[in-house]
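Enquirer: Pasting a structure here, questions to come.
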Amino acid sequence: MIDINKITRQCIIDIKEYVPGKPIEEVKRELGLEDVIKLSSNENPLGTSPMAIQAMIKEVQENVHYYPEALSPLLVAKLARIYQLDPNQFFINNGVDGVLSMIAMAFINSGDEVVTSQYSFYSYQSVTAHMDGKMILIPQTQDRRFNIDAIIAALTPKTKIVFLCNPNNPTGTITTRDEFERLLSSVPENCLLVSDEAYYEFVDAPDYPQTIPYLKDHSNLIITRTFSKVMGLAGVRVGYAIAHESIIRVLRKVCDAFPVNRIAQAGALAGLDDQEFIDRSVRIVKQGRYQLYHGLLNMGLNAIPSHTNFVLVDLGIPVAQIYEAMLSQGVIVRPLGPQGLPSCLRITVGTSIQNERALIALKRALQGCGGG
Ligand SMILES: Cc1ncc(COP(=O)(O)O)c(C=O)c1O
């Protein structure tokens, strides 16, 4: 019998398994429910861009027996045109998750320090652990934001990467332009600042930083964005990094031979032309997060104003039972116990009917648990 712990790298043994949002199929199967809505993984309430769907169908019909182009050149060229940057500044991968793994693989040596905030996107911790990096988690501010001054104070000559999640998942809060500039100017030249902007399309705060122009003078800045949210392509996995070409060259060295499948490349390419869908997604999300946030406030709950397509609510009591009670009503949300927030639920913005259903399910769950 294999002694698995003897052959596994110690840093992998130490990793706790990630618990993703429950899939609809699993809840239907386990609870015998027919009508289930998933508001647990920050997906698009409108589905997917119809233009992207048509392009993906065509790609399946005509080309799926061929390997894809390795570096997604058409998508790179289109993004370069949209951003008015050099194509050599783009790295496309299997979602931002894939991009983050490649960044870690390329740059983190065993023992390197990696700094981020507590209560942020879990992948920063897992990709750092894969490479045996040392994760430094900085406590948040009172209003559940990245504490930029504390992050700056934590930088040492051993810091290799700072992960900034802006807006932040799971709190939905932002780092402001002033804070971003302060951080960027404090990060040493040979330390990377990764600004993960998976939700940037949904932000309308005037003090949210537009980070692309900073690339010109900061060759250690990496910006990541995704097709999973506003474009509704979470299921095919495509995201990208924008950075100085020397960084992109290194990322291209470490990635798989065919990191982005054909269907994803075709869908993303066509989706970029579907401005109507993008605009509609942004509009529905902004209306929906207002509805959810105020619905939660009206129930007397402590919800955090969100700049994203989800809302964090702190119930002040352990949420495990509430989560289960919502599940039994066919509403999947995300309990944040595994992320160290045992009294918090994260609810993805759905359609207005779904948001209403989530609010009613939460109200009933709280009544059932004697909480309201
Ligand atoms: C902050 C953040 N970054 C990255 C991702 C992953 O994006 P992708 O679907 O492109 O892997 C997510 C997904 O929820 C996220 O919340």
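The values are calculated or read from the model by the stated rules, or taken from the named source; none is laboratory data. Since the model is a prediction, treat every value here as computed from it, not as a measurement. Here the Cβ is made from the backbone with ideal geometry for all residues, glycine too, and neighbour counts use every protein chain on show. Just the protein is used for accessible areas: all its heavy atoms, side chains included, with ligands, DNA and RNA removed. Shrake-Rupley method; radii C 1.70, N 1.55, O 1.52, S 1.80 Å.
Enquirer: Let me know the shape class of region 50-271, please: from the alpha-carbon gyration tensor, a ≥ b ≥ c as square roots of the eigenvalues, rounded when a/c is under 1.5, otherwise prolate if a/b is greater than b/c, or oblate.
Expert: In terms of gyration-tensor shape, prolate.
Enquirer: Can you bin the chain into rounded, prolate or oblate? Criterion: square roots of the alpha carbon gyration tensor eigenvalues sorted a ≥ b ≥ c, rounded for a/c under 1.5, prolate for a/b above b/c, oblate for the rest.
Expert: Here the chain falls in the rounded category.
Enquirer: Could you give the dipole magnitude of the chain about its Cα centre, charging the beta-carbon of Lys and Arg +1 and that of Asp and Glu -1, in debye to the nearest 20?
Expert: Result for the chain is approximately 300 debye, rounded to the nearest 20.
Enquirer: Over the C-alpha atoms of region 20-156, what are the Rg and the largest Cα-to-Cα span, Dmax, in Å?
Expert: Every Cα atom of region 20-156 included, Rg and Dmax give 20.1, 55 Å.
Enquirer: Would you list which lysines come within 30 Å of LYS158, measuring only between C-alpha atoms, while excluding same-chain residues fewer than 8 positions from it?
Expert: Of all the lysines, those that pass the test against LYS158 - Cα under 30 Å, at least 8 places apart if same chain - are LYS6, LYS16, LYS134, LYS216, LYS253.
Enquirer: Separate question: Could you tell me whether region 117-174 comes out rounded, prolate or oblate from its Cα gyration tensor? Rule is a ≥ b ≥ c as square roots of the eigenvalues, rounded for a/c under 1.5, then prolate if a/b exceeds b/c, otherwise oblate.
Expert: oblate
Enquirer: In region 50-271, what percentage of the DSSP-assigned beta bridges are antiparallel, given to the nearest 5?
Expert: Here the antiparallel bridges make up roughly 30 percent for region 50-271.
Enquirer: Go through region 221-227 residue by residue and turn each phi into a ³J(HN,Hα) via Karplus (6.51, -1.76, 1.60, θ = phi - 60°); whole Hz please, and just put x for glycine and proline.
Expert: 9, 10, 10, 10, 9, 9, 8
Enquirer: Between ILE57 and ASP256, what is the label-to-label distance in nm when each label sits 7 Å out along the Cα-to-Cβ direction?
Expert: Placing both labels 7 Å along Cα→Cβ, they lie 2.7 nm apart.
Enquirer: Related question: Going by amide H atoms built from the backbone, whose H comes under 5 Å of the H on HIS244, apart from near neighbours?
Expert: When sequence neighbours closer than 5 places are left aside, the close amide H contacts are LEU221.
Enquirer: Related question: Tell me, what ³J(HN,Hα) does each residue in region 108-121 have, in order and in whole Hz, if you take phi through Karplus 6.51 cos²θ - 1.76 cosθ + 1.60 with θ = phi - 60° and put x for Gly and Pro?
Expert: Couplings: 8, 8, 3, x, 4, 8, 10, 10, 8, 8, 5, 6, 9, 5 Hz.
Enquirer: Two decimals, Cα atoms only, Kirkwood Rh: what is Rg/Rh over region 227-276?
Expert: Computed over Cα atoms, the ratio is 1.02.
Enquirer: On average, how much accessible surface per residue is there in region 50-271, in Å², for a 1.4 Å probe, leaving out ligands, DNA and RNA?
Expert: 42 Å²
Enquirer: At 222 nm, what value in deg cm²/dmol follows for the chain if DSSP H runs of at least 4 each add -39500 (n - 2.57) and the sum is divided by all its residues, to the nearest 500?
Expert: Theoretical 222 nm ellipticity from helices: -12000 deg cm²/dmol.
Enquirer: Further question: At 1.4 Å probe size, with the rest of the protein present, what percent of the exposed accessible area of region 50-271 is carbon and sulfur atoms?
Expert: Answer for region 50-271 is 52 percent, counting heavy atoms of protein chains only.
Enquirer: Near the amide H of LEU192, under 5 Å away, which other amide H atoms are found, from residues 5 or more places off or on another chain, if H is placed in the peptide plane?
Expert: So LEU192 has HN proximity to ILE161, VAL162.
Enquirer: A follow-up question, please. Using θ = phi - 60° and the Karplus curve 6.51 cos²θ - 1.76 cosθ + 1.60, what whole-Hz ³J(HN,Hα) does each residue of region 71-84 get, with Gly and Pro shown as x?
Expert: For region 71-84, the Karplus curve yields 9, 6, x, 5, 5, 4, 5, 5, 4, 4, 5, 4, 8, 6 Hz.
Enquirer: State, as an integer percentage, the relative contact order of the chain based on alpha-carbon contacts under 8 Å between residues 6 or more apart.
Expert: Computed over the chain, the figure is 23 percent.
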